[in-house]
Amino acid sequence: MSLKKQSVEILWTNEYDKFHFYDKNREIDYRHCEKKIQESLLLHGWIKAFPMIVDRHFRIRDGQHRFIAARKLGIDIPVVFVDNFDDEDMFGINNASKRWTYKDFLHYHVQKGDKNAKILYDLLKEYKLSVRFIFELAHLNFHMVTMSEAKFRDFDKEELKKKIALINEIVDSIKIKSERLQCSLITLVEHPQYNHKRFLNKLSYQLDRVHRCTTVKSYIEMFQDIYNYKSVEKVVFVKRAL
């Protein structure tokens, strides 16, 4: 096996205004820039072996968090210009330091112009929901490796908002903040025999039976017992497979 040495020119600069953020990159975590990265740059400086990667349009493809921290500190930045750096390359090299999350990929599809991804993203922001919950609500199940190629089906935004309102009313009564609890309630409110007034009434005098569970299935079973308490007609709630 023969090894070939590749030389890449690294340019050092403090001309921050020349560079732009790439809109399809993940959202910037400014707290991460101000704390962890600034502390690292102050201690070690910007390590030359990990330069900022920029395309021919001066858009930052990798290193946007370090760029913000370095600009705040006023230190020079090592830059490498790469012409053939596509989005898949961006996912791969970003994941080496911090993996892209479902929220990152959702934001990516919003920036690509996917209207259905934007519906989910808007709901995520408006109601301060977790990505897992909003994906469960929309009956989506994307693996991280395929998220960049994901196609979002059409959603009825108003219908999703109605379900969120029902679930939030239940959560407010229970006063337990839990992603698993919220996800379990999707199974209840989507059941064709579910009666919201009935459940809220049953909850009002059985709150002492509500406790934290370790799985969505356990929450569903607990809420099923509460819903069916002293009822002749029992309803069985089964989580729908995605």
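The values are calculated or read from the model by the stated rules, or taken from the named source; none is laboratory data. Everything numeric in this text was worked out from a predicted model, so none of it was measured. For neighbour counting, all protein chains shown are included, and Cβ atoms are generated from backbone atoms with ideal geometry for every residue, glycine included. These area figures cover heavy atoms from the full protein model, side chains too; ligands, DNA and RNA do not enter into them. Shrake-Rupley method; radii C 1.70, N 1.55, O 1.52, S 1.80 Å.
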- Note on the stretch 201-227: residues of a type in the set (A, V, I, L, M) and open to solvent by less than 40 Å² (accessible area, probe 1.4 Å) are LEU203, VAL210, VAL216, ILE220, MET222, ILE226
- Identify, from the list VAL189, VAL131, the residue that is under 28 Å from ASP208 (Cα atoms) and surrounded by 14 or more Cβ atoms within 10 Å (Cβ to Cβ). VAL189
- Of (1) part of a helix (DSSP H, G or I); (2) at pLDDT 95 or above, ILE134 satisfies every one except (2)
- Task: Say whether the condition of being modelled with pLDDT of 85 or more and within 25 Å of THR215 (Cα to Cα) is met by at least one residue in the stretch 142-160.
- Result: yes
- Failed condition for LEU181, given (1) over 30 Å from PHE91 (Cα atoms); (2) in a helix (DSSP H, G or I); (3) open to solvent by 50 Å² or more (accessible area, probe 1.4 Å): (3)
- Query: Looking at VAL236, VAL216, VAL232, VAL210, which one is of a type in the set (A, V, I, L, M), over 18 Å from ILE164 (Cβ atoms) and within 31 Å of the chain's Cα centre (by Cα)?
  - Reply: VAL210
- Note on the structure: ASP55 meets each of (1) at pLDDT 85 or above; (2) open to solvent by 70 Å² or more (accessible area, probe 1.4 Å) with one exception, condition (2)
- Taking VAL235 as the residue in question, decide whether it is under 24 Å from LEU123 (Cα atoms), of a type in the set (Val, Ile, Thr) and open to solvent by less than 20 Å² (accessible area, probe 1.4 Å). no
